[in-house]
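Input: one structure, supplied below.
Quick note: the coordinates plus some simple rules give every number you see, no bench work behind them. In this text, all values refer to a predicted model and were calculated from it rather than measured experimentally. Heads up, the Cβs are rebuilt from the backbone with ideal geometry, glycines too, and the neighbour counts pull from every protein chain shown.
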Amino acid sequence: MNSCIFVRTNAYVLLKLSKCSLIILLTLQLFLVGCAGNVSRTKKIDTVVQTARSYTGTPYKFGGTTRVGLDCSALILHAYRSIGVEMPRVSEDQARSGVKVRLKELKPGDLVFFATGKKKREVTHAGIVTVVRGKKDIRFIHSSTSLGVTESNLYSPYYMKRFLRARRIL
């Protein structure tokens, strides 16, 4: 009999607290789900960056897609394939993937595109942001014609002059 009263009392207290508790529980649940989504994205981006870095030192080869030699778009292709995301083969098409990102909003994993040829608006080079250290220090990995796969500062005079756009895939 006493346990029956205890259950009724607890149920009454729960009903009284339910509005406030429900709001707190829902807020907590949304926060935890949001954090889990960020953790998942962070893990994926880490894998993308690690995969791209595993090619460091690989020579540049126009149209190349292997560790013997690869171009900038193949580096992106392999890095994103490591997390199950299929990317277009050429940088011009990759530059249409995902969503636009402003320069000041860049995060690791974002793609950066450049016009390194004669046409100032034609995408001819691409890379993956690896580290954002500050307003003027954003590193990206790419396959350079002279150095092979290497990391460079986006804010170097050479790349800033040729920067076209950035895109976020995840």
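Whole number please: convex hull volume per residue, Cα atoms of segment 131-170, in Å³. Mind showing how you got there, number by number?
Details: hull volume 3.8 nm³, N = 40.
Normalising the Cα hull of segment 131-170 by residue number yields 96 Å³.
If you take every DSSP beta bridge whose two residues both sit in segment 48-168, what share of them, in percent to the nearest 5, is antiparallel?
95
Please give every one of the aspartates and glutamates within straight-line cross-link reach of residue 100, meaning a C-alpha to C-alpha distance under 16 Å, and leave out same-chain neighbours fewer than 8 residues apart.
Counting by Cα, and skipping residues close in sequence, residue 100 has these aspartates and glutamates nearby: 92, 110.
Here's another thing I want to ask about it. Straight-line reach only, C-alpha to C-alpha below 17 angstrom: list the lysines that residue 161 could link to, leaving out same-chain residues fewer than 8 apart.
Filter leaves 104, 118, 119, 120, 135, 136.
Measure off 7 Å from each Cα along the Cα-to-Cβ vector at residue 163 and residue 89, then give the distance between these two points in nanometres to one decimal.
With each label placed 7 Å out from Cα toward Cβ, I get 3.1 nm.
Let me ask you something else. Once you charge only the Cβ atoms, +1 for Lys and Arg and -1 for Asp and Glu, what is the size of the charge dipole of segment 48-168 about its Cα centre, to the nearest 20 debye?
On the way: 23 positive and 9 negative charges, 103 e Å.
Here segment 48-168 has a charge dipole of around 500 debye.
Here's a follow-up. From the Cα gyration tensor of segment 55-170, with a ≥ b ≥ c the square roots of its eigenvalues, which class applies: rounded if a/c is under 1.5, or else prolate if a/b is larger than b/c, or else oblate?
Since a/c stays below 1.5, the shape of segment 55-170 is classed as rounded.
Order the peptides 70-83, 115-128 from the highest to the lowest mean number of other Cβ atoms within 10 Å of their residues. Mind showing how you got there, number by number?
Numbers: 70-83: 21.8, 115-128: 16.4.
Ranked from most to least packed, the peptides come out as 70-83, 115-128.
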